[in-house]
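Q: The structure that follows is given in the form of structure tokens.
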Amino acid sequence: MADKILVFYGSYRSDRMGIRLADYVVAGLNARGAEAELIDAQAVGLPMLDRMYKEYPQGAAPAAMEALAQKIRGADAFVFVTGEYNWGPQPGLKNLTDHFLEEWFWRPAAVASYSAGRFSGVRSGTLWHSILSEMGMVVISSTLAVGPISQTLDAGGKPTGGPGESLERSFGRFADDLAWWTEAARTQRAQKAPPY
Ligand SMILES: Cc1cc2nc3c(=O)[nH]c(=O)nc-3n(C[C@H](O)[C@H](O)[C@H](O)COP(=O)(O)O)c2cc1C
């Protein structure tokens with residue numbers, strides 16, 4: 001059974017760079033036999049948080065929110081591709097995730113961070129570990145940290161030069177770690193219902 005993995009990315013900037021890493025992760029997971037899908041917060045277009053999904057009466061949530069809730073419920077695992085704005089998470093990605101809670105529970109999540117410079121967005125990536133944990137996901141320890149992103153991936157999301165080779169070496173372990181926890185969580189959910 002192919003792992004259904006949602007890859008989230010949340011920059012709304014016209015000149016956004018992180019889409020390169022999001023595309024790379026989706027392609028890399030699919031090349032390993034997963035069913036990975038990009039969830040681009042800008043394309044989903046949720047409003048600034050007013051009501052969470054669960055606060056709408058059944059069937060009354062906006063169509064894009066309802067569709068995303070169903071996708072999250074049906075996924076086996078998640079990857080969060082995060083840049084860093086002033087040492088913090090990007091608001092577009094945080095806004096999207098805050099619309100949901102129980103929909104995230106009992107699945108593993110992985111963090112892939114990036115930035116324009118050498119620090120690779122790791123300060124934001126570290127914050128995402130606690131955010132995702134609070135939202136009921138089990139965050140795996142392997143991470144991707146990409147920087148400078150413009151020297152690591154081309155506009156098509158293909159690795160370039162030495163930094164690109166380094167990313168390729170890290171990706172195998174990252175994907176193996178996520179796949180192991182994805183299988184473990186799916187097996188456990190199948191044999192024992194989550195306690196709440
Ligand atoms: C508002 C803003 C704040 C930024 N703050 C940081 C930062 O704290 N650390 C960092 O490494 N890069 C920072 N950068 C540079 C980003 O790493 C770079 O612009 C990156 O491409 C942003 O991701 P995006 O292009 O996907 O939106 C910042 C960029 C913006 C626009």
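Q: I need to check one value: relative contact order of region 18-91, counting alpha carbon pairs closer than 8 Å and at least 6 residues apart, in percent.
A: Relative CO of region 18-91 lands at 27 percent.
Q: Mind listing the phi-derived Karplus ³J(HN,Hα) values for region 63-72, rounded to whole Hz, using 6.51, -1.76 and 1.60 with θ = phi - 60°, and x for any glycine or proline?
A: Values per residue, Gly and Pro as x: 4, 5, 6, 4, 4, 5, 4, 5, 5, 5 Hz.
Q: Let me ask something else about it. Could you pull out every residue, at least 5 positions away or on a different chain, whose amide H is within less than 5 Å of the one on E35? Hs are placed 1.01 Å off N in the peptide plane, and Pro or chain starts have none.
A: Correct list: D3, K4, I5.
Q: In percent, how large is the relative contact order of the chain, given Cα pairs closer than 8 Å and 6 or more residues apart? Please list the in-between numbers first.
A: Values: 360 pairs, mean separation 43.9, N = 196.
It comes to 22 percent, rounded to a whole number.
Q: For region 18-92, just say rounded, prolate or oblate: build the C-alpha gyration tensor, square-root its eigenvalues into a ≥ b ≥ c, call rounded for a/c under 1.5, and beyond that prolate if a/b exceeds b/c, oblate if not.
A: In terms of gyration-tensor shape, oblate.
Q: Restricting attention to region 76-165, which trypsin sites (Lys or Arg not before Pro) occupy a DSSP loop and are surrounded by at most 13 other Cβ atoms within 10 Å?
A: The qualifying sites are R118.
Q: Looking only at the chain, where both bridge partners belong to it, what percent of the DSSP beta bridges are antiparallel (to the nearest 5)?
A: Just about 10 percent of them are antiparallel.
Q: Give me the log10 of I(q) over I(0) for the chain at q = 0.09, 0.17 Å⁻¹, as the Debye formula computes it from C-alpha points; what are the numbers?
A: -0.31, -1.13
Q: Given the rule -39500 (n - 2.57) for each run of at least 4 DSSP H residues, summed and divided by the residues of the chain, what is its mean residue ellipticity at 222 nm, to the nearest 500 deg cm²/dmol?
A: Per the formula, -13500 deg cm²/dmol.
Q: While we're looking at this one, here's another question. Around A31, under 15 Å between beta carbons, what's the net of Lys plus Arg minus Asp minus Glu among the other residues?
A: Working: positive: R32, K158; negative: D3, D23, E35, E37, E168, D176.
Surrounding charge for A31 is -4.
Q: Would you mind calculating the gained length between W180 and A31 on full extension (0.36 nm times residue separation, minus the Cα-Cα distance), in nm to one decimal?
A: 52.0 nm
Q: For region 175-188, what does the Karplus curve 6.51 cos²θ - 1.76 cosθ + 1.60, with θ = phi - 60°, yield as ³J(HN,Hα) per residue in whole Hz, taken in order and with x for Gly and Pro?
A: 5, 5, 4, 5, 5, 5, 6, 5, 5, 4, 5, 5, 4, 5
Q: Same structure again: Given a Förster distance of 41 Å, report the FRET efficiency between T160 and Q58 from their Cβ-Cβ distance, rounded to the nearest 0.05.
A: 0.30
Q: Cα to Cα, under 25 Å, and not fewer than 8 places away if on the same chain: which lysines meet these conditions relative to K94?
A: Within reach: K4, K54, K71.
Q: Right, something else. Under 10 Å, Cα contacts only: if you run a Gaussian network model on the chain, which one of V44, V81, V26 comes out with the highest mean-square fluctuation?
A: Of V44, V81, V26, the most mobile in the Gaussian network model is V44.
Q: Which net charge results when you count Lys and Arg as +1 and Asp and Glu as -1 among the other residues whose beta-carbon is under 12 Å from that of M135? Display every interim value, and only then the final one.
A: Values: positive: K94, R107; negative: D98, E102, E103, E134.
Result for the neighbourhood of M135: -2.
Q: Name the long-range amide H neighbours of T82: under 5 Å, sequence gap of 5 or more, or other chain; modelled H, no Pro or chain starts.
A: Amide H neighbours of T82: A112, S113, Y114.
Q: Quick one: if the Förster radius is 30 Å, what FRET efficiency do L49 and N86 give, using the C-beta to C-beta distance and rounding to 0.05?
A: E between L49 and N86, to the nearest 0.05, is 0.90.
Coordinate-derived values only; no laboratory data. Worth saying up front: this structure is predicted, and the values here are computed from it rather than measured. Here the Cβ is made from the backbone with ideal geometry for all residues, glycine too, and neighbour counts use every protein chain on show.
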